[in-house]
1. So which of T72, T53 is of a type outside the set (G, A, S), touching a residue at least 24 places away in the same chain (Cβ under 8 Å), under 28 Å from V92 (Cα atoms) and in the same structural domain as N95 (by TED's automatic domain parsing)?
2. Would you say L250 is part of a helix (DSSP H, G or I), in the same structural domain as V207 (by TED's automatic domain parsing) and either among the acidic types (D, E) or surrounded by fewer than 21 Cβ atoms within 10 Å (Cβ to Cβ) (or both)?
3. Could you give every pair whose Cβ atoms fall below 8 Å, whose first residue belongs to the range 76-102 and is surrounded by 14 or more Cβ atoms within 10 Å (Cβ to Cβ), and whose second residue is not in a helix (DSSP H, G or I), counting only separations of at least 6 or pairs across chains?
4. Can you tell me which residues in the range 221-262 are hydroxyl-bearing (S, T, Y) and touching a residue at least 60 places away in the same chain (Cβ under 8 Å)?
5. Somewhere in the range 3-24, is a residue farther than 19 Å from T287 by Cβ and either under 17 Å from the mean Cα position of the chain (by Cα) or basic (K, R) (or both)?
6. Among the residues that make up the range 227-243, is at least one of them at pLDDT 75 or above and in contact with a Leu (Cβ under 7 Å, 6 or more places away or on another chain)?
7. Find the residue count for the range 254-284, including only residues that are of a type in the set (G, A, S) and touching a Pro at 6+ places or on another chain (Cβ under 9 Å).
8. So F34 passes all but one of these: (1) surrounded by 14 or more Cβ atoms within 10 Å (Cβ to Cβ); (2) closer than 20 Å to T278 by Cα. Which condition number does it fail?
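The values are calculated or read from the model by the stated rules, or taken from the named source; none is laboratory data. Owing to the predicted nature of the structure, the values given are computational and were not obtained by experimental measurement. FYI the Cβ positions are ideal-geometry reconstructions off the backbone, even for glycines, and counts take in every protein chain you see.
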Amino acid sequence: MEALATLNVWQAGTIALKTVTYFTALSASGGTLFILLFGRQLAGEDKTPIALTTACLAVIGVLASLAGFLWTAAALGGSFSSAADPFLLSIVFENRDTALMLRIIGLLLLVGMLIRARGFGLVTAALGSALVILSFSPGGHPAALGLSPWPQLLIILHIAAVTYWLGALLPLLVLCRRRDGERFGTAAKRFGDLAVYIVALLILAGVSLLWLLFESPADFITSNYGQLFLGKLLLFASLLGLAALNRLRLTPALFSGDVTAPQRLRTSIRLEIAAVVTILLVTATFTTLAKPPGLN
């Protein structure tokens, strides 16, 4: 692909930092949602590692966001020393001030998951999760196309849906190591029941974005942006296949007493995580290297 053939070190670094930021920030935000939604299905020994993992992801997300901020300034100046240039930093901050501040504040609030107070800690974490979601939307190419408020709201809902799905994967991986298969199965089943609506929302948002970002079907096939977007859709299709396997085959096996079910489900969740990371990498790639035909 032409866009990948011209990839330079600054673009590669941007893609890497974006991918890390996407994964850590959205996983931390989604981990918070998981605890809020499924807390009743979690025992005390389950909540502690999930909360700790969430807090660690939030801290890494803050560091990755700051690193991305400095890296962008360095890329503008063409040298690592440019990361300390006040003028270049001011330019980058002016373009990203709202998103960057929302994300950092939200992620720092998520560290409140370590506070064991049932009231203030969870309320703070819920607010942090919302701020992280808002920090990723709406912006970039959709905003540049001058979308009306309704499509922008759809983008926010799309990101919220991704956050819910991604944020549940690591907690479910923690839970499936427990010997209590029925308790894990209850949480997994409830997650799957809600995920049906999440998938519908993701598909609706995806179709809407395709309609808005591409002027014609030919642009979707021939443009760099369209080809990368198509790759993302194919990966998403594989993710749906794994999710269907979990919901229809592996989760019911937990309740039937199948001793191999936890191991098989753990493998499937790991494959889901790998698929999501790849999707985020592709997303970071086409938002860095390409733009929709409508902006050309």
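1. Working: T53 fails: under 28 Å from V92 (Cα atoms).
Just one listed residue meets the conditions, T72.
2. no
3. If the second residue must be not in a helix (DSSP H, G or I), the pairs left are G77/D85; A99/F136; A99/G139.
4. S223, Y225, T251
5. No, because not a single residue in the range 3-24 is farther than 19 Å from T287 by Cβ and either under 17 Å from the mean Cα position of the chain (by Cα) or basic (K, R) (or both).
6. Within the range 227-243, one or more residues are at pLDDT 75 or above and in contact with a Leu (Cβ under 7 Å, 6 or more places away or on another chain).
7. Within the range 254-284, residues that are of a type in the set (G, A, S) and touching a Pro at 6+ places or on another chain (Cβ under 9 Å) number 1.
8. In the conditions (1) surrounded by 14 or more Cβ atoms within 10 Å (Cβ to Cβ); (2) closer than 20 Å to T278 by Cα, F34 misses (2) alone.
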